[in-house]
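Q: The structure under discussion is supplied below as structure tokens; questions concerning it will follow.
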Amino acid sequence: MESKPGFQRLRGADIQRLGVFKVVVESGGLSSAADFLGVDLSTVSRHIKDLEIRLGLELCSRGPGGFALTTQGRTTYDVACLLAETLQTCDERLEGLREGLSGTLRIGLVNHLLSAQELRFPEILRSMRESAPNLIVDCKVLTPSEIMRQIETRQIHLGILGTGEQPEHLVFAPIFREEAGLYCAPGHTLFTSPRAIFGRDALEGTVYVSRTHSSPTDLRAQALGLVAETSSNDIDVISSLVLSGLYVGFLPVHAVAAQRDSASFRRLAIEGGECEVPFYACTLRRADRSRRTNLFLRILRSVIADQTNDTIRKTLQS
């Protein structure tokens, strides 16, 4: 079949240009993309201009008004994502022909998770290195919604997150439950309250920092009559807002204990028991997973199981 007049079939260099264009879109502009790629702004600009010339399309507007995609640019971005996914699939199929695992396993985590003792992430990384010495584990901190989006687009292989939103096309395997406490700080009226237990009668109308994603902490907050005045997914931001003395907020107990100023927080004991947030390993369905992902999941389950058994043994010995 002949090409339409004015259209030139994609060549090898165009694949690289589409990859750069994808990064520009996901970074929100050329400057951010240049920083991410570690190249000069002029190099990124040249790639985009060359791609527009090759395709005969205007992909985006860029200048004092900011970066914005055209309608053609949005379609081209979809094509760039499809191309990246196809190349990733080809890479993983070829990887299956080799005996050992190599390449990079990309993992997305929420921002406070690495200090959670329940996860034992350093032990998981050591086991990964022992099982696959040539495999690189690349971790980045993302919001729960971004973790799920990047798994769908195959930018990362798996994520570890706590969320009430679980799209059917992804798999969510429960791995542990994180204890979250309700905290306040000096300057807040509850900090010096003589109460030992706080129920709805004491908390109703109190402003708190909610999450920007679906979370069990917000369900508990609503049951206690708390009122969301501001929101964040970043634990450091929530901690700072609580430390201002203006808000109460739910925080992971381990994250507060790890802070140098942890004594500045008061944990408020709440009626109905403490709040636990389930965490999951989120992946594509089994048929679409890479060998790297399956290895990580096996090691993750093994480490979590060992920890559970240790807890049971200590309980029986006490």
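The values are calculated or read from the model by the stated rules, or taken from the named source; none is laboratory data. Values in this document were obtained by computation on a predicted structure and should not be read as measured data. Positions of Cβ are generated from backbone atoms using ideal geometry, with glycine treated the same way; all protein chains shown enter the neighbour counts. We work out accessible area using only protein heavy atoms, side chains counted, and drop any ligands, DNA or RNA first. Shrake-Rupley method; radii C 1.70, N 1.55, O 1.52, S 1.80 Å.
Q: Of all residues in the stretch 115-135, count the ones that are touching a residue at least 24 places away in the same chain (Cβ under 8 Å) and either within 24 Å of Phe279 (Cα to Cα) or under 15 Å from the mean Cα position of the chain (by Cα) (or both).
A: The total comes to 10.
Q: Consider Gly56 carefully, then state whether it is out of contact with any Ser or Thr (no Cβ under 9 Å at 6 or more places or on another chain), open to solvent by less than 70 Å² (accessible area, probe 1.4 Å) and in contact (Cβ under 8 Å) with a residue 40 or more places away in the chain.
A: Values: out of contact with any Ser or Thr (no Cβ under 9 Å at 6 or more places or on another chain): yes; open to solvent by less than 70 Å² (accessible area, probe 1.4 Å): yes; in contact (Cβ under 8 Å) with a residue 40 or more places away in the chain: yes.
When the stated conditions are applied, Gly56 passes them.
Q: Looking at (1) at positive phi; (2) open to solvent by 40 Å² or more (accessible area, probe 1.4 Å), which is the one condition that is false for Gly225?
A: The one condition Gly225 does not meet is (2).
Q: Further, regarding this structure: Just for the stretch 67-86: of the residues that are free of Cβ contacts under 8 Å to residues at least 24 places away in the same chain and of a type in the set (A, V, I, L, M, F, W, C), which one is most open to solvent (accessible area, probe 1.4 Å)?
A: Within the stretch 67-86, the match that is most open to solvent (accessible area, probe 1.4 Å) is Leu82.
Q: Can you tell me how many residues within the stretch 9-29 are of a type in the set (A, V, I, L, M) and more than 23 Å from the chain's Cα centre (by Cα)? Don't jump to the end; show me each part of the working.
A: Filtering the stretch 9-29 for residues of a type in the set (A, V, I, L, M) gives 10, 13, 15, 18, 20, 23-25.
Next cut, more than 23 Å from the chain's Cα centre (by Cα) only: 10, 13, 15, 18.
Total satisfying the criteria: 4.
Q: Let me ask another. Can you report the number of residues in the stretch 112-144 which are farther than 24 Å from Leu87 by Cβ, in a loop (DSSP other than H, G, I, E, B) and open to solvent by 10 Å² or more (accessible area, probe 1.4 Å)?
A: Residues that pass the stated criteria total 6.
Q: If you don't mind, there's one more thing I want to ask. Could you grab me the full set of residues in the stretch 238-271 that are among the aliphatic types (A, V, I, L, M), under 19 Å from Ser215 (Cα atoms), open to solvent by 20 Å² or more (accessible area, probe 1.4 Å) and at pLDDT 95 or above?
A: Of everything in the stretch 238-271, just one residue is among the aliphatic types (A, V, I, L, M), under 19 Å from Ser215 (Cα atoms), open to solvent by 20 Å² or more (accessible area, probe 1.4 Å) and at pLDDT 95 or above, namely Leu241.
Q: To continue, here is another question. Quick check on my filter: what residues within the stretch 184-222 are buried (at least 19 other Cβ atoms within 10 Å of the Cβ) and among the basic types (Lys, Arg)?
A: Selection gives Arg211, Arg220.
Q: Another question, then. Would you please name the residue that is farthest from the chain's Cα centre (by Cα), looking only at residues in the stretch 204-218 that are free of Cβ contacts under 8 Å to residues at least 40 places away in the same chain and on the phi < 0 side of the Ramachandran plot? Let's see the steps before the verdict.
A: Residues of the stretch 204-218 that are free of Cβ contacts under 8 Å to residues at least 40 places away in the same chain, as a first pass: 204-205, 210-211, 218.
Still in the running and on the phi < 0 side of the Ramachandran plot: 204, 210-211, 218.
Values: Glu204: 32, Ser210: 18, Arg211: 14, Asp218: 19 Å.
Per the criteria, the residue is Glu204.
Q: Assess whether Ile107 counts as being touching a Cys at 6+ places or on another chain (Cβ under 8 Å) and either surrounded by fewer than 18 Cβ atoms within 10 Å (Cβ to Cβ) or outside any helix (DSSP H, G or I) (or both).
A: Details: touching a Cys at 6+ places or on another chain (Cβ under 8 Å): yes; either surrounded by fewer than 18 Cβ atoms within 10 Å (Cβ to Cβ) or outside any helix (DSSP H, G or I) (or both): yes.
Yes, satisfied.
Q: For residues that are on the phi < 0 side of the Ramachandran plot and assigned to a loop (DSSP other than H, G, I, E, B), tally how many sit in the stretch 154-166. Show your work before the answer.
A: Our first condition is that a residue be on the phi < 0 side of the Ramachandran plot; within the stretch 154-166, this holds for 155-166.
This time we only want the ones that are assigned to a loop (DSSP other than H, G, I, E, B), so: 155-157, 162-166.
Qualifying residue count for the region: 8.
Q: Could you look through the stretch 45-91, keep only residues that are closer than 20 Å to Gln155 by Cα and among the hydrophobic types (A, V, I, L, M, F, W, C), and pick out the one that is modelled with the lowest pLDDT?
A: Residue satisfying both the conditions and the ranking: Cys90.
Q: How many of the residues in the stretch 16-30 are open to solvent by 60 Å² or more (accessible area, probe 1.4 Å) and modelled with pLDDT under 90?
A: Counting residues in the stretch 16-30 that are open to solvent by 60 Å² or more (accessible area, probe 1.4 Å) and modelled with pLDDT under 90 gives 1.
Q: So, Glu168, is that one free of Cβ contacts under 8 Å to residues at least 40 places away in the same chain, touching a Phe, Trp or Tyr at 6+ places or on another chain (Cβ under 9 Å) and open to solvent by 40 Å² or more (accessible area, probe 1.4 Å) or not?
A: Judged against the criteria, Glu168 is not a match.
Q: I would also like to ask the following. Does any residue in the stretch 256-276 that is farther than 12 Å from Phe198 by Cβ come within less than 6 Å, Cβ to Cβ, of a residue that is β-branched (Val, Ile, Thr) and surrounded by 12 or more Cβ atoms within 10 Å (Cβ to Cβ) six or more places away or on a different chain, and which pairs are these?
A: These pairs meet every condition: Ser262/Val256; Phe265/Val256; Cys275/Thr217.
Q: Going through the stretch 167-194 one residue at a time, which ones are outside any strand (DSSP E or B), touching a strand residue (DSSP E or B) at 6+ places or on another chain (Cβ under 8 Å) and modelled with pLDDT of 95 or more?
A: Matches in the stretch 167-194: Ala185, His188, Leu190, Phe191.
Q: On to the next question. Would a scan of the stretch 145-153 turn up a residue that is of a type in the set (Asp, Glu), open to solvent by 70 Å² or more (accessible area, probe 1.4 Å), assigned to a helix (DSSP H, G or I) and within 16 Å of Leu105 (Cβ to Cβ)? Walk me through it before giving the result.
A: At the first step, the residues of the stretch 145-153 found to be of a type in the set (Asp, Glu) are 146, 152.
Next cut, open to solvent by 70 Å² or more (accessible area, probe 1.4 Å) only: 152.
Next, from what is left, pick out any that are assigned to a helix (DSSP H, G or I): 152.
Then drop every residue that is not within 16 Å of Leu105 (Cβ to Cβ), which leaves none.
Looking through the stretch 145-153, none of the residues is of a type in the set (Asp, Glu), open to solvent by 70 Å² or more (accessible area, probe 1.4 Å), assigned to a helix (DSSP H, G or I) and within 16 Å of Leu105 (Cβ to Cβ).
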